[in-house]
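S.K.: Below is the structure I would like to discuss, written out as structure tokens.
The values are calculated or read from the model by the stated rules, or taken from the named source; none is laboratory data. Everything numeric in this text was worked out from a predicted model, so none of it was measured. Cβ placement follows ideal geometry from the backbone for every residue including glycine, while neighbour counts extend to all protein chains displayed. The accessibility values were calculated without ligands, DNA or RNA, using every heavy atom of the protein model including side chains. Shrake-Rupley method; radii C 1.70, N 1.55, O 1.52, S 1.80 Å.
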Amino acid sequence: MCIFCEIVNKKAPASIIYEDDLSLVFKNIRPSAPIHLLIIPKKHIGSIDHINPEDELLVGHLLYVAKKVASQENLLGYKLVVNVGKEGGQEIFHLHIHLLSGWNNARDKDII
Ligand code: 5GP
Ligand code: ZN
């Protein structure tokens with residue numbers, strides 16, 4: 001079982017800030033921004049490269065969750081990033097959207 005599936009199944013700890021039937025949002029253990037959340041489907045999907053036609057709505061739902069969580073956390077703006085494949089910087093092969101925010105200095109946000 002992958003580490004994010006373990007978090008979904010509450011077999012590994014995480015600082016969870018949002019959960020619904022289809023998705024989970026938790027804090028990144030090694031943040032690259034003052035606010036760095038990970039939005040994941042509860043279903044194990046390796047990456048964007050592994051999505052199937054039946055996953056289309058689920059992947060759209062993850063973007064809706066990003067908006068919902070940003071509103072819940074009173075974020076004025078944020079950056080969404082998806083790394084795809086080893087060459088794309090992906091280390092954990094359970095699909096996730098990085099939600100980055102909270103910079104004070106506008107220049108610091110240009111991390112990607
Ligand atoms: P990737 O490079 O695959 O797009 O990003 C994976 C992210 O997951 C990394 O930013 C890393 O810090 C984060 N991460 C890896 N393992 C864990 C973990 O066990 N718990 C949490 N909360 N984040 C993790
Ligand atoms: Zn998984």
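S.K.: Name every residue in segment 81-97 that is of a type in the set (S, T, N, Q) and either part of a strand (DSSP E or B) or under 17 Å from D110 (Cα atoms) (or both), in order of residue number.
M.R.: N83
S.K.: Right, next: Would it be correct to say that D49 is in contact (Cβ under 8 Å) with a residue 12 or more places away in the chain, over 17 Å from V8 (Cα atoms) and exposed (fewer than 14 other Cβ atoms within 10 Å of the Cβ)?
M.R.: Against the criterion (in contact (Cβ under 8 Å) with a residue 12 or more places away in the chain, over 17 Å from V8 (Cα atoms) and exposed (fewer than 14 other Cβ atoms within 10 Å of the Cβ)), D49 qualifies.
S.K.: Next question. Name the residues in segment 64-80 that are within 15 Å of the chain's Cα centre (by Cα), surrounded by fewer than 18 Cβ atoms within 10 Å (Cβ to Cβ) and over 20 Å from K109 (Cα atoms), would you?
M.R.: Matches in segment 64-80: Y64, K68.
S.K.: Of these, D55, D21, which one is open to solvent by 80 Å² or more (accessible area, probe 1.4 Å), over 14 Å from the mean Cα position of the chain (by Cα) and either within 14 Å of ligand 2 (Cβ to nearest atom) or touching a residue at least 12 places away in the same chain (Cβ under 8 Å) (or both)?
M.R.: Exactly one residue qualifies, and that residue is D21.
S.K.: For segment 81-107, enumerate the residues that are buried (at least 16 other Cβ atoms within 10 Å of the Cβ) and of a type in the set (S, T, N, Q).
M.R.: Once the filter is applied, which keeps residues that are buried (at least 16 other Cβ atoms within 10 Å of the Cβ) and of a type in the set (S, T, N, Q), segment 81-107 yields N83, Q90, S101.
S.K.: Filter segment 32-43 down to the residues that are open to solvent by 80 Å² or more (accessible area, probe 1.4 Å) and either more than 16 Å from ligand 2 (Cβ to nearest atom) or under 13 Å from the mean Cα position of the chain (by Cα) (or both) and list them by number.
M.R.: P34
S.K.: Let me ask something else about it. Here is a list of conditions, (1) without any contact (Cβ under 8 Å) to a residue 40 or more places away in the chain; (2) open to solvent by 60 Å² or more (accessible area, probe 1.4 Å), and V8 meets all of them except one; can you say which number that is?
M.R.: For V8, the exception is condition (2).
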